[in-house]
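Working notes for the structure below.
The values are calculated or read from the model by the stated rules, or taken from the named source; none is laboratory data. Values in this document were obtained by computation on a predicted structure and should not be read as measured data. Reconstructed Cβ throughout: ideal geometry from the backbone, glycine too, with neighbour counts over all protein chains shown. SASA here: full protein model, heavy atoms, side chains in, ligands and nucleic acids out. Shrake-Rupley method; radii C 1.70, N 1.55, O 1.52, S 1.80 Å.
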Amino acid sequence: MTADDPQSVGFLGLGAMGLPMANRIAKAGFALIAVDISEAQVLLATKLGITASADKNDLDGCEVIIIMVATPAQLMDCASIAGLDEGVTAVVMSTVGPAAVKEFAKVVAQRGVRMVDSPVSGGVVGAESGSLSLFVSGDPETQRVVTPVLETMGQIFECGDEPGMGQAMKIVNQHLATSNLALAAEALGLAKSMGLDGEKVLERVSSGAGSSWMLRDRGPRMLISAENRPVLTHLSILAKDASLVAGVAQEYGYQAPILAAARQRWQTAMERGLGQADDSSIYDVMS
């Protein structure tokens, strides 16, 4: 951290990824206050040594406010928080789609707030290790201001000068991620139906042409019994993203039949009450 870096950072949204992201910023030496409506998440943050609160008004006075919420509606609710005043830079790290970020940027600009679009990829493991991929877009000078903070969380990939371009890049990523994960589950389900040993299947195909990051990362968790499977990323997040990608594709008049098939499986998983299970539990509706 240098003398030119932001001296006060607010972080809104301490979910499964938000909490370790905030922890990376705090451990890098930035003066951080983190906020979440969940008292349980605030307590977890406090135990990590993070200054945390359940009151959004406590973000007032921060030079940079990072927003890591789940939905476009939640993002727009953040536009009215007390801390978003003239001269503040807002960084939207949620995956909410181009349209939502553009609208948010338009609303907060009326209050003199600058905005950087920076959705992330890499899951909880990437958030904990500081190895996330950050799809960053926005005014170059504003990006420069927040770069030292963003670099604590992972690698920056510049996506353009306008808010929404980072979201567009993340949409492509989530198109692949949600479809690949569903396909990996389907393939392991087929292997099971043919009487193959799942662990041997993973060992033999993970380095082959048909492999994917999702197969290698989620495959081992799919083979764990549902009651013992660790929860790293809630299935509801991937289900939400599949619907978000489908909506953006429709907005642009783009046909995505493979995504549509995968989305149907995510919806089935949600209907079976798996929303709070690990996203690898998509396997349970395939096998």
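Quick one: in region 161-190, which of the residues that are under 17 Å from Ala90 (Cα atoms) and of a type outside the set (D, E, K, R) is surrounded by the most Cβ atoms within 10 Å (Cβ to Cβ)?
Gly166
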Next on the checklist: Checking Ser207 against (1) at pLDDT below 95; (2) within 25 Å of Leu19 (Cα to Cα): exactly one of these is not met. Which one?
Outcome noted: (2)
Item to check | Of all residues in region 88-97 being among the β-branched types (Val, Ile, Thr) and not in a loop (DSSP other than H, G, I, E, B), the one that is farthest from the chain's Cα centre (by Cα) | outcome: Thr89
Next on the checklist: Can you say whether Ile258 is open to solvent by 30 Å² or more (accessible area, probe 1.4 Å) and at negative phi, as far as the supplied structure shows?
Outcome noted: yes
Next on the checklist: Among the residues that make up region 70-87, is at least one of them in a loop (DSSP other than H, G, I, E, B), surrounded by 20 or more Cβ atoms within 10 Å (Cβ to Cβ) and within 16 Å of the chain's Cα centre (by Cα)?
Outcome noted: no
Next on the checklist: So for region 264-285 (the condition being acidic (Asp, Glu) and farther than 27 Å from Arg221 by Cα), does at least one residue qualify?
Outcome noted: no
Checklist entry - Does region 14-21 contain any residue that is of a type in the set (A, V, I, L, M), closer than 21 Å to Val136 by Cβ, in a helix (DSSP H, G or I) and modelled with pLDDT of 95 or more? => result yes
Item to check | Per-region count, region 138-196, residues within 20 Å of the chain's Cα centre (by Cα) and among the hydroxyl-bearing types (Ser, Thr, Tyr) | outcome: 4
Item to check | Ala100 being open to solvent by less than 60 Å² (accessible area, probe 1.4 Å) and not in a helix (DSSP H, G or I) | outcome: no
Item to check | Hits in region 103-125 - residues which are outside any loop (DSSP other than H, G, I, E, B), open to solvent by less than 20 Å² (accessible area, probe 1.4 Å) and in contact with a helix residue (DSSP H, G or I) (Cβ under 6 Å, 6 or more places away or on another chain) | outcome: Phe104, Met115, Val116, Asp117
Checklist entry - Mind checking which residues of region 225-236 are touching a helix residue (DSSP H, G or I) at 6+ places or on another chain (Cβ under 9 Å) and exposed (fewer than 14 other Cβ atoms within 10 Å of the Cβ)? => result Ala226, Pro230
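Yes/no per residue for (1) free of Cβ contacts under 8 Å to residues at least 60 places away in the same chain; (2) under 30 Å from Pro140 (Cα atoms); (3) not hydroxyl-bearing (Ser, Thr, Tyr):
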site: Cys159; (1), (2), (3): yes, yes, yes
site: Gly164; (1), (2), (3): no, yes, yes
site: Asn173; (1), (2), (3): yes, yes, yes
site: Ala187; (1), (2), (3): yes, no, yes
site: Met194; (1), (2), (3): yes, no, yes
site: Ser206; (1), (2), (3): yes, no, no
site: Trp213; (1), (2), (3): yes, no, yes
site: Arg216; (1), (2), (3): yes, no, yes
site: His234; (1), (2), (3): no, no, yes
